[in-house]
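**Student:** First, the structure itself, so that you have it in front of you.
No lab work stands behind these numbers, since they all come straight from the coordinates. As the structure is a computational prediction, the values presented were derived from the model and not from experiment. Every residue, glycine among them, receives a Cβ derived from its backbone with ideal geometry; neighbour counts consider all protein chains shown.
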Amino acid sequence: MNSVPDNLLAIKNKIHKIAVECERDPNTIELIAVSKTKPVNQITEAINAGQLSFGENYVQEGVEKIHYFKQTMPDIPLIWHFIGPLQSNKTKLVAENFDWMHTIDRLKIAQRLNDQRPANMTKLNVLIQVNISQEASKSGVAPDQVVELVKQIVNLPNLSLRGLMAIPEIENDFDKQLKVFKQMQQLLQSLQTDYPFMKTLSIGMTGDMQAAIVAGSTMVRIGTAIFGARQYL
Ligand SMILES: *Cc1c(COP(=O)(O)O)cnc(C)c1O
């Protein structure tokens, strides 16, 4: 495996190339480095290479890393994204530590995050996770239920609703990836008439980044291509 700085450079070049090819401004696509299961020394290498935005899936692990870097690099303005499934009994840790929360799929979670966001912190940026592949087993709101949840979340003063997120079913064919991501793009565009501040589309991982960017992704969440394959116990 190449070094983390080399991988970061390669993925940034790739984002740039894909954006130019589909006539998008590369600066409108933010790279979130997904560091779940990876040790702090690899994250440090990424930070030293200029990466500031990181995604974590597991609350406890994420909070430990956030505290570690607050201690060791207090002057570096890191931005932490929670991108995993969240049980309602863990919302407080997310509200107190993260900057973004990508996986809101029901009002109860949003309300708890709103109530638990500390007064001295800026609003928590949130995305609604859409179950775009309509799989019974995956989390996320059904596409036709999204508007209802938007209407409720915009009333919560400590949350800033920024857009939509999805994790489609794994699919290797580019055209099939693109078809699903375009449904996300259309869903977001349909919301923007009434909610113009919803600008973020969090789609695209290592295996489907190109299709996601073509379909308008503004945040790609990349783990494997930066930190290498993950090992699970
Ligand atoms: C793990 C994960 C990623 C990163 O996936 P890679 O295939 O390693 O790039 C992105 N988004 C979510 C929600 C994840 O859980």
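**Student:** If R0 is 41 Å, what FRET efficiency do you get for Asp194 and Ala229 from their C-beta distance, rounded to 0.05?
**Tutor:** Calculated value: 0.45.
**Student:** For a protection proxy built on the mean count of beta-carbon atoms within 10 angstrom, sort 192-205, 168-181 highest first, please.
**Tutor:** 192-205, 168-181
**Student:** To continue, here is another question. Tell me the label-point distance for the pair Asp25, Leu107, using the 7 Å Cα-to-Cβ offset, in nm and rounded to one decimal.
**Tutor:** Inter-label distance under the simple model: 3.7 nm.
**Student:** What distance in nm lies between label points placed 7 Å from Cα along the C-beta direction at Lys123 and Lys70?
**Tutor:** That separation, rounded to one decimal, is 2.3 nm.
**Student:** Roughly speaking, what is the stretch gain from His16 to Val40, that is 0.36 nm per residue apart minus the C-alpha to C-alpha distance, in nm to one decimal?
**Tutor:** 5.9 nm
**Student:** Only sites in a loop by DSSP and with at most 12 other Cβ atoms within 10 Å count here; which GluC sites (Glu not before Pro) in region 1-92 make the cut?
**Tutor:** Loop-located and lightly packed - Glu23.
**Student:** Could you give each residue of region 108-125 its phi-based ³J(HN,Hα) in whole Hz, using Karplus coefficients 6.51, -1.76, 1.60 with θ = phi - 60°, and x for Gly or Pro?
**Tutor:** 4, 5, 4, 5, 5, 4, 4, 5, 9, 5, x, 4, 8, 9, 5, 4, 7, 6
**Student:** Continuing with the same structure: Note down the magnitude of the dipole of region 110-233 about its Cα centre, charges +1 on Lys and Arg C-beta and -1 on Asp and Glu C-beta and zero elsewhere, to the nearest 20 debye.
**Tutor:** The calculation lands at about 440 debye.
**Student:** Considering only DSSP states other than H, G, I, E and B, which trypsin sites (Lys or Arg not before Pro) in region 1-54 qualify as loop sites with at most 12 other Cβ atoms within 10 Å?
**Tutor:** Of the trypsin sites (Lys or Arg not before Pro), not one in the loops of region 1-54 has a Cβ with at most 12 other Cβ atoms within 10 Å.
**Student:** Name all residues of region 197-213 having a backbone nitrogen under 11 Å from the label point set 7 Å from the Cα of Ile170 along its Cα→Cβ direction, giving them as ranges.
**Tutor:** 207
**Student:** What is the Cα coordinate range of region 48-132 on the first, second and third principal axes, sorted by size from largest, in whole angstrom?
**Tutor:** 37, 31, 20
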